[in-house]
Amino acid sequence: MYPILMALPLFFCSCSSDSTAFNGSHLEPLQPAVHITPALNVDLNTDKALYKPGEKITFTASGTIPAGAKVRYRCGDEVIGTTSLAGNTWTWAAPSMDHTGYLADIYTQDGDSAETVYGTVGVDVSTNWARYPRYGFVAAYDGSKTHTAVQNEMAFLNRCHINGIQFYDWHYKHHWPLGGTRGNLMDSYTDIAERTVYTSVIKDYISTQHAYGMKSMFYNLCYGALDDAKEDGVSDKWHLYTDAGHTTMDKLSMPAGWKSDIYLMDPSNVDWQNYIADRNDDVYASLDFDGYHIDQVGDRGTVYDYYGSKLNLPVGFASFIRRMKARRPDKSLVMNAVSNFGSEQIAGTGDVDFLYSELWGGESKFSDLLSIMKTNQSYNGSLGQVYAAYMDYNSTKPEFNAPGVLLTDAVMFALGADHLELGDHMLCNEYFPNSNLKMGDSLKKAIVHYYDFFTAYENLLRSGGTDNHDGIYGGNGSVIINDWPPKLGTVTSYAKEVNGKEVIHLLNFVNANSLSWRDLDGSMPEPETIKSLSLGVRASSVKKVWVASPDCYGGAPQELQFKQQGDYVVFTVPSLKYWTMIVIEK
């Protein structure tokens, strides 16, 4: 069924002929140190998407909790608290450590080395949401968005620990985003596509998000204006032009029946910057937004200002960001880098909260996900990474293809990047209101476990670290182990040294049909679960080995037995479907 492995190294390493040489073809399977039986019939929830240190966390359990069950709180594999359960609602004080992820699970002890896990939930304790951004969106504000609808949508995003929301196309006009004026807001208006927007719905979304501890970010281009902008005080001298003689304004042509085409402004023009900053101040004075999600539309080729000078748009983006931050230093800023256009200049300002890259066909390979993030980190290593990456883009099916979504999320999350995909629907298109594809029940259930995992283990996944290129060998002759980048027909590994721990991510490409994360036609097949994968890893002075996966046990960690053989530690990974994380503590 699978290709044959002859002691193939996962990393590009060589084994010497000395006494520490290791023969990976003779690994004997080892049983886990702790046997876990997954029940996962209790749904856990928290009352917020993130918490401040010391803040009260309220947990709610839906389902039947068996007699004698306890709740356990862990940071990584370390148990930091356990208590017996007396009901379906209880509280826990968030630990004092800032920017730290935890996992809570309900379990019963079946013996010294056996337990049953009934439900899990992640917890993020962070004073700054942008340290570990989990970004979502909303894209419709019409009469269907009743208070109940808003509550239900945000409850699901809260369950997935989404801590920031982009309000896409909420605005009246690009150059005049507020629907009305200060003190005289319109009850309703239409957006660029002539869709109805109710101001009350925007306010309801914001207040509901704030109750969950989420941040609300209003979306707008950095340089958009409609065809009536001159009537609202926008000068022709602020525009971008496609010629040096300022005869043709650069614009984006919109579909017939829309309010206007979108004309592009010079983002470096100080008068334009001041004008739109004034309009943004109107927004902040009228609606309780926490910041500005700045958009662009990528490389425009050669463009000019009114006076015939060629413009460097990325430099203009940086100038624009700095002016927005200087005007409102208390507000968050995020800027899209379309196909990473301008990412160096955007990151270099130091004024954006995290890096946001919209990916397209030129960045369609799984390997691009790491190379882009590494490049962005070279510009500013302190900022988190979010990818706007649209799945199943050409699919005509009614639902997302769950295997494609989960494999892409597995890779992004293992690398430490967030995926903008969850909102008032699941995202499939750069025009966010497009909701042609639905999230099936099985995907919706699985995605919760993925975001629990991404949250609970954020310090191992998203706190930097150093790429590790030591040696690892597979002892299953039927499974090929491959170092990053991914290859079809293999289990691919990405490994880092993080806070003194060796963290190895196993990603299952054995049955994959493409090395593109996009899964354009929704055809990525579901992988077969690999059981009892014996490994040898170059590591000495090992104290503990444990594994965790969003695909089993609700992400709960499982300690493994191991043996030291020379410079290698030997153990058996119980299960690998899409993604399993191995942690070796020394």
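The values are calculated or read from the model by the stated rules, or taken from the named source; none is laboratory data. What you see is a predicted model, and the numbers here were worked out from it, not measured in a lab. Every residue, glycine as well, gets a Cβ built from its backbone with ideal geometry; the counts of neighbours run over all protein chains shown. In case anyone asks, the SASA skips ligands and DNA or RNA and just uses the protein heavy atoms, side chains included. Shrake-Rupley method; radii C 1.70, N 1.55, O 1.52, S 1.80 Å.
Looking across the stretch 197-212, just one residue is outside any helix (DSSP H, G or I) and open to solvent by 60 Å² or more (accessible area, probe 1.4 Å), and that is Tyr198. The combined condition, being closer than 25 Å to Leu443 by Cβ and either in contact with a Ser or Thr (Cβ under 9 Å, 6 or more places away or on another chain) or open to solvent by less than 30 Å² (accessible area, probe 1.4 Å) (or both), is not fulfilled by Gly362.
Within the stretch 372-382, does at least one residue satisfy the condition of being of a type in the set (D, E, K, R), open to solvent by less than 30 Å² (accessible area, probe 1.4 Å) and in a helix (DSSP H, G or I)? No: zero hits. Checking each residue in the stretch 111-133 for being of a type in the set (D, E, K, R), under 16 Å from the mean Cα position of the chain (by Cα) and open to solvent by less than 20 Å² (accessible area, probe 1.4 Å) picks out only Asp124. Residues that are in contact with a strand residue (DSSP E or B) (Cβ under 8 Å, 6 or more places away or on another chain) and part of a loop (DSSP other than H, G, I, E, B) within the stretch 177-192 comprise Pro177, Leu178, Gly179, Met186, Asp187, Asp191, Ile192, listed in sequence order. The test for being more than 22 Å from Pro177 (Cβ to Cβ), among the hydrophobic types (A, V, I, L, M, F, W, C) and outside any helix (DSSP H, G or I) holds for Phe341.
Yes/no matrix, rows are residues, columns are (1) of a type in the set (Phe, Trp, Tyr); (2) open to solvent by 10 Å² or more (accessible area, probe 1.4 Å):
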| residue | (1), (2) |
| --- | --- |
| Val542 | no, yes |
| Trp546 | yes, no |
| Tyr553 | yes, yes |
| Pro557 | no, no |
| Gly566 | no, yes |
| Pro574 | no, yes |
| Val583 | no, no |
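From the list Ser200, Ser260, Ser253, Ser188, the one residue that fits, being free of Cβ contacts under 8 Å to residues at least 60 places away in the same chain and over 18 Å from Phe167 (Cβ atoms), is Ser253. The sole residue among Lys230, Lys215, Lys259 that is over 26 Å from Gly423 (Cβ atoms) and either over 32 Å from the mean Cα position of the chain (by Cα) or surrounded by 13 or more Cβ atoms within 10 Å (Cβ to Cβ) (or both) is Lys230. Of Lys444, Lys487, all but one fail to be within 17 Å of the chain's Cα centre (by Cα), of a type outside the set (A, V, I, L, M, F, W, C) and surrounded by fewer than 21 Cβ atoms within 10 Å (Cβ to Cβ); the exception is Lys444.
Residue-wise test of (1) closer than 22 Å to Gly179 by Cα; (2) open to solvent by less than 60 Å² (accessible area, probe 1.4 Å); (3) in a helix (DSSP H, G or I); (4) modelled with pLDDT of 95 or more.
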{"residue": "Asp281", "(1), (2), (3), (4)": "yes, yes, yes, yes"}
{"residue": "Gly301", "(1), (2), (3), (4)": "no, yes, no, yes"}
{"residue": "Phe317", "(1), (2), (3), (4)": "no, yes, yes, yes"}
{"residue": "Val334", "(1), (2), (3), (4)": "no, yes, no, yes"}
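One residue stands out among those in the stretch 448-468 that are touching an Asp or Glu at 6+ places or on another chain (Cβ under 6 Å) and open to solvent by less than 20 Å² (accessible area, probe 1.4 Å): the one that is nearest to Thr46 (Cα to Cα), which is Thr455.
Taking the criterion of being at pLDDT below 95 and touching an Asp or Glu at 6+ places or on another chain (Cβ under 7 Å), the residues of the stretch 538-547 that qualify are Arg538, Ala539, Ser540. Here the stretch 496-543 is the region considered, the condition is being part of a strand (DSSP E or B) and acidic (Asp, Glu), and the residue that is nearest to Ile372 (Cα to Cα) is Glu497. Applying the criterion of being among the small types (Gly, Ala, Ser) and part of a loop (DSSP other than H, G, I, E, B) to the residues of the stretch 139-163, the residue that is least open to solvent (accessible area, probe 1.4 Å) is Ala139.
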